[in-house]
Amino acid sequence: MVVKELSIAFAGRGGQGIVFAATTLATALYRMGAYVAQLQSYGAEVRGGSVLAYVVLSKDRIENPFPEAFDIVVALHDAGVARRASSIRASKLILYEGELVKSLKDLSNAVPVPLVEDVMRRVGKEVVNAAALGVLAGLIPELRDGLRDVLKSGKGGDVNVAAFDIGVEKARSLNIPEGLKGVIEEVRNLLASLGK
């Protein structure tokens with residue numbers, strides 16, 4: 001059975017490109033034929049403040065673009081986690097940047113994904129947002145081409161694609177516990193049902 005609506009959130013701090021990551025995902029999903037709603041919440045600070053941006057996707061019109069918890073959360077900084085901590089902690093699967101997020105490491109639904117150091121060393125810029133999209137694409141292969149196309153066509157395309165590729169590579173070595181793999185399959189099944 002295909003789940004009607006799913007949500008994927010990005011949490012971080014201002015300056016990390018959290019809204020860019022969610023917008024890129026929403027654009028790729030829309031181009032694939034999904035109904036999407038992309039929302040964001042952030043503080044008044046330009047850089048360093050908390051940011052949460054998420055995408056709700058569906059095969060049909062979206063009934064509720066305001067989930068109480070998310071299906072998948074990509075947490076890139078504790079500042080963003082603090083903004084909606086209870087919703088994030090209650091989410092089905094949390095992928096968190098191991099160096100910048102300490103508040104989620106003891107949760108059974110949270111999996112560390114070390115990105116910052118590798119992206120800085122190999123790309124030379126902190127484009128962890130594009131690497132995080134790569135992790136999603138590595139876990140959900142149906143997203144790979146669409147996300148790559150959106151990243152390639154935008155500003156800083158070559159740098160973003162390089163970081164994206166690092167994320168795809170990192171996803172291959174992730175140890176997702178069996179009990180958390182179900183949500184990945186839910187997303188894959190929903191994407192496979194588009195256009196049918």
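Readers should treat all values here as calculations from the given coordinates under stated rules, not as data from a laboratory. Every value quoted in this text rests on a predicted model; they were computed, and no experiment measured them. When we count neighbours, we look across all protein chains shown, and the Cβ atoms used for this are built from the backbone with ideal geometry, even at glycine.
At-a-glance table
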item: Relative packing of 124-131, 152-159, which averages over residues the other C-beta atoms within 10 Å, highest first; result: 124-131, 152-159
item: The chain: calculated mean residue ellipticity at 222 nm from DSSP helix runs of at least 4, using -39500 (n - 2.57); result: -13000 deg cm²/dmol
item: Rg/Rh (Cα only; Kirkwood hydrodynamic radius) as it applies to the chain; result: 0.93
item: Residue 155-residue 2 FRET efficiency (beta carbon distance; Förster radius 35 Å; 0.05 resolution); result: 0.50
item: Spatially close lysines, pair count over the chain: Cα under 23 Å, gap of eight or more or interchain; result: 21
item: Using θ = phi - 60° and Karplus 6.51 cos²θ - 1.76 cosθ + 1.60, couplings along the stretch 59-73 (whole Hz; Gly, Pro as x); result: 7, 10, 4, 7, 8, 9, x, 10, x, 6, 9, 9, 6, 10, 10
item: Estimated inter-spin distance, residue 118 and residue 30, nm [label 7 Å along Cα→Cβ]; result: 3.1
item: Packing-based exposure ordering (other Cβ within 10 Å, fewest first) of 185, 5, 178; result: 178, 185, 5
